[in-house]
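Working notes for the structure below.
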Amino acid sequence: MSAAGRTGAGWWLLILPAFLLLVVFYVAPIAQVLTISVTEPELGLGNYERLFTSSAVQRVIETTLRICLITTVLALLLGYGIAYAITLARPRAQGWWILAVLVPLWISVLVRAFAWVTLLRRQGLVNNALLGAGVIDEPLPLVWNEFGIIVGMVHYMVPFAVLPMLASMREIDPRLLAAARGLGASRGEVFRRVFLPLSLPGVIAAGVLVFIFSLGFYITPAILGGGKTLMVAEWISLQILDLIRWGLGTMMATMLIAAILVTLLVFSRIVDLRRIFGAGA
Amino acid sequence: MDGIYSPGAASRSLAWATAFYLVLPILIVVPVALTDQRYLSLPQDGISFRHFATVLSSPEWLGSIWQSFTIAVAATILSVTAGTLCAIGCWRISRRTTELVRVLMLLPLIIPSIVYAIGLYRYFGPLGLLDRFLGVVIAHGVTGIPYVVITVSTALAAFDPRLEQAARGMGASLSQTLRWVILPRIAPGIFSGAIFAFIHSWDELVMVLFIASRDVFTLPRRIWDGINENLDPAMAAVAVLLILFTLLLLLADRALRRRNEG
């Protein structure tokens, strides 16, 4: 385009403010984190050595990966059910289903964690109801442990799982399903052999999204874990704020970024990443 | 899909169970906020609004609400201005470099805020931006840019580039083209981006935990302290007020989009 050539400079100027803001106030602080991880307390890879020698570090990573995998699987399962129902619902009902997904998405994560504490703690509503009904004699330990973290995290992640799956299910031609039924396939076969394979790209995209969001999740695990079950984000905050061990904290932060980028890189061959984040539509 | 093919009983019940799981726990804070007791519980002898009164007459809560609100407004202005201009520039130039710029703009969505927060904690120290209004506005404003870039890019995708070329061809300057041709067309996208950027700042806790301490004490920070220190029904009242506020913003977004489509 010759017009672009002539007027290019002006349009580039439009990009400049955002670009500068991001470089000076986003990329620079994060680059500093990466630098500190190899310069404090002394120059070298000493902090990274801990990955292999410190059992505390290994335990945190293990806990994080375990919780993230469980969360991802559960969020995908529940999200798939709801996305499937939305896809097959009549337009009127679709609006309500989507509302049930979007409203939790935009309600403060603190409010949601608080609601779960209210429900699940020792004298919480769930335990009181079960005790009152005589189902249990002792309050169940529902929160301030791994169970509580997973309940809260899955609750947070389901909407993020639904959106990419819904987008990919909506591209499936409903006549294919009707045709398969007409040709004698049972309901289960239609789902297994037609719908499921066609919706798989959305499932993978949703899985990547939920997994990388879960890896660095701070607020919900911190509140519902009660300081006993530590995930990576809370561990980092502990190193920096309470123990003032910048080297270790930034090392783990660097590993966190690396884990997320590697996950994205691996899956970028399978799914269109821009689609996950809804950009450049 | 207009019900050409309807789901089976198993998937239907899974979907209903999930919907309940998503919505009911959030709704539970409403009866708890209306309790007549002094502790977190369901109402026993009747409902009471005294916990709302406690919150709305507390200078601490009101101060934090006001601080969060002003920070969110300032951060939204920053995100919307930078994000909108950037999205327009990328859309118009549309080369490989601008693809990279767009990826750069998405970074704040991908990198966990805990990493950014500890980075800022160190970075803001020498700049004198710790525990300052301006520091939090910059942090929230910069991380709000992706939401605006996404919504505005989506709006631009539906915009006919020939309109812009025609305007330029007839002698309009860049700023005239922006003001009279492009911006009016993508206003709904900008507005959506503004709402998302606002909610992002209004709810943000992780960065605030690191870069603010005493002078800047936002609403999420106060809720966080409340959950960790004293769980009382006033917290539930705050939660209900927050839910109502979020719903209001989302309804505004929906109404505006509908008006523009219809």
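The values are calculated or read from the model by the stated rules, or taken from the named source; none is laboratory data. Quick caveat, the model's predicted, so the values are computed rather than measured. A quick note on method: Cβ atoms are made from the backbone with ideal geometry, for glycine too, and the neighbour counts reach across all protein chains shown.
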Handout entry: residue B:217 vs. criteria more than 11 Å from chain A (Cβ to nearest Cβ), aromatic (Phe, Trp, Tyr) and either closer than 27 Å to residue B:150 by Cβ or in contact (Cβ under 8 Å) with a residue 12 or more places away in the chain (or both)
Key = yes
Exercise for the section: Would you mind telling me which numbered condition in (1) more than 8 Å from chain A (Cβ to nearest Cβ); (2) farther than 23 Å from residue A:9 by Cα; (3) surrounded by 16 or more Cβ atoms within 10 Å (Cβ to Cβ) residue B:114 fails? Expected result: (1)
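Residue by residue through segment B:246-262, note down the ones that are part of a helix (DSSP H, G or I) and without any contact (Cβ under 8 Å) to a residue 40 or more places away in the chain.
If we filter segment B:246-262 for residues that are part of a helix (DSSP H, G or I), which is where we start, we get B:246-261.
Correct list: B:247, B:248, B:251, B:254, B:255, B:258, B:259, B:261.
Taking helices (runs of 4 or more DSSP H) that do not extend beyond segment A:182-281, which have at least 3 residues that are away from chain B (no Cβ under 12 Å)? Spell out the reasoning first.
Working: elements: A:187-190, A:196-215, A:219-225, A:232-237, A:246-268, A:273-276.
Result: A:196-215, A:246-268.
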Practice task
Identify, from the list A:88, A:140, A:77, the residue that is out of contact with any helix residue (DSSP H, G or I) (no Cβ under 7 Å at 6 or more places or on another chain) and surrounded by fewer than 22 Cβ atoms within 10 Å (Cβ to Cβ).
Solution key: A:77
Handout entry: Count - residues of segment B:147-160 that are hydroxyl-bearing (Ser, Thr, Tyr) and at the interface with another protein chain (Cβ under 7 Å from one of its Cβ atoms)
Key = 2
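Please state which one of B:125, B:171, B:89, B:144 is modelled with pLDDT under 95, more than 10 Å from every other protein chain (Cβ to nearest Cβ) and in a helix (DSSP H, G or I). Write out each step before concluding.
Numbers: B:171 fails: in a helix (DSSP H, G or I); B:89 fails: more than 10 Å from every other protein chain (Cβ to nearest Cβ); B:144 fails: modelled with pLDDT under 95.
After ruling out the rest, the residue left standing is B:125.
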Practice task
Return yes or no: is residue A:233 free of Cβ contacts under 8 Å to residues at least 40 places away in the same chain, assigned by TED's automatic domain parsing to the domain that holds residue A:260 and crowded, with 21+ Cβ neighbours inside 10 Å?
Solution key: yes
Completion exercise
Taking segment A:53-83 and keeping only residues that are free of Cβ contacts under 8 Å to residues at least 24 places away in the same chain and under 24 Å from residue A:191 (Cα atoms), one is left with A:73, A:77, A:81
Problem - Lone qualifier among B:166, B:234 - being assigned to a helix (DSSP H, G or I), modelled with pLDDT under 90, more than 20 Å from the chain's Cα centre (by Cα) and hydrophobic (A, V, I, L, M, F, W, C) - result: B:234
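Residues checked against (1) touching a Phe, Trp or Tyr at 6+ places or on another chain (Cβ under 8 Å); (2) more than 10 Å from chain B (Cβ to nearest Cβ); (3) modelled with pLDDT of 90 or more; (4) more than 19 Å from residue A:210 (Cβ to Cβ):
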residue	(1), (2), (3), (4)
A:13	no, no, yes, yes
A:21	no, no, yes, yes
A:28	yes, no, yes, yes
A:88	yes, no, no, yes
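Matching residues to (1) of a type in the set (Lys, Arg); (2) more than 15 Å from the chain's Cα centre (by Cα):
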position	(1), (2)
A:160	no, no
A:170	yes, yes
A:212	no, no
A:219	no, no
A:223	no, yes
Exercise for the section: Go through segment A:161-171 residue by residue and tally those that are within 11 Å of another protein chain (Cβ to nearest Cβ) and among the hydrophobic types (A, V, I, L, M, F, W, C). Expected result: 3
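This table checks each residue for (1) more than 10 Å from chain B (Cβ to nearest Cβ); (2) buried (at least 21 other Cβ atoms within 10 Å of the Cβ); (3) polar (S, T, N, Q); (4) part of a helix (DSSP H, G or I).
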position: A:98; (1), (2), (3), (4): yes, no, no, yes
position: A:112; (1), (2), (3), (4): no, yes, no, yes
position: A:115; (1), (2), (3), (4): no, yes, no, yes
position: A:122; (1), (2), (3), (4): yes, no, no, no
position: A:128; (1), (2), (3), (4): no, no, yes, yes
position: A:131; (1), (2), (3), (4): yes, no, no, yes
position: A:177; (1), (2), (3), (4): no, yes, no, yes
position: A:180; (1), (2), (3), (4): no, no, no, yes
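I'd like the residue in segment B:13-42 that is part of a loop (DSSP other than H, G, I, E, B) and hydroxyl-bearing (Ser, Thr, Tyr) and, out of all such residues, is farthest from the other protein chains (Cβ to nearest Cβ).
Within segment B:13-42, the first condition is being part of a loop (DSSP other than H, G, I, E, B), and the residues that meet it are B:28, B:34-42.
Cutting the leftovers down to hydroxyl-bearing (Ser, Thr, Tyr) gives us B:35, B:39, B:41.
Details: B:35: 11, B:39: 8, B:41: 8 Å.
For segment B:13-42, the residue satisfying everything is B:35.
Hey, any hits in segment B:33-43 for a residue that's buried (at least 20 other Cβ atoms within 10 Å of the Cβ), of a type in the set (Val, Ile, Thr) and touching a His at 6+ places or on another chain (Cβ under 8 Å)?
In the first step, residues of segment B:33-43 are kept if they are buried (at least 20 other Cβ atoms within 10 Å of the Cβ); the result is B:33-35, B:40.
Then drop every residue that is not of a type in the set (Val, Ile, Thr), which leaves B:35.
Checking which are touching a His at 6+ places or on another chain (Cβ under 8 Å) leaves us with B:35.
Yes, there is a match, as at least one residue in segment B:33-43 is buried (at least 20 other Cβ atoms within 10 Å of the Cβ), of a type in the set (Val, Ile, Thr) and touching a His at 6+ places or on another chain (Cβ under 8 Å).
If you go through segment B:174-197 one residue at a time, how many are within 30 Å of residue A:111 (Cβ to Cβ) and away from chain A (no Cβ under 11 Å)? Walk me through how you get there before you give the answer.
Filtering segment B:174-197 for residues within 30 Å of residue A:111 (Cβ to Cβ) gives B:188-197.
Now narrow it down to the ones that are away from chain A (no Cβ under 11 Å): B:188, B:190-194, B:197.
Residues meeting the conditions: 7.
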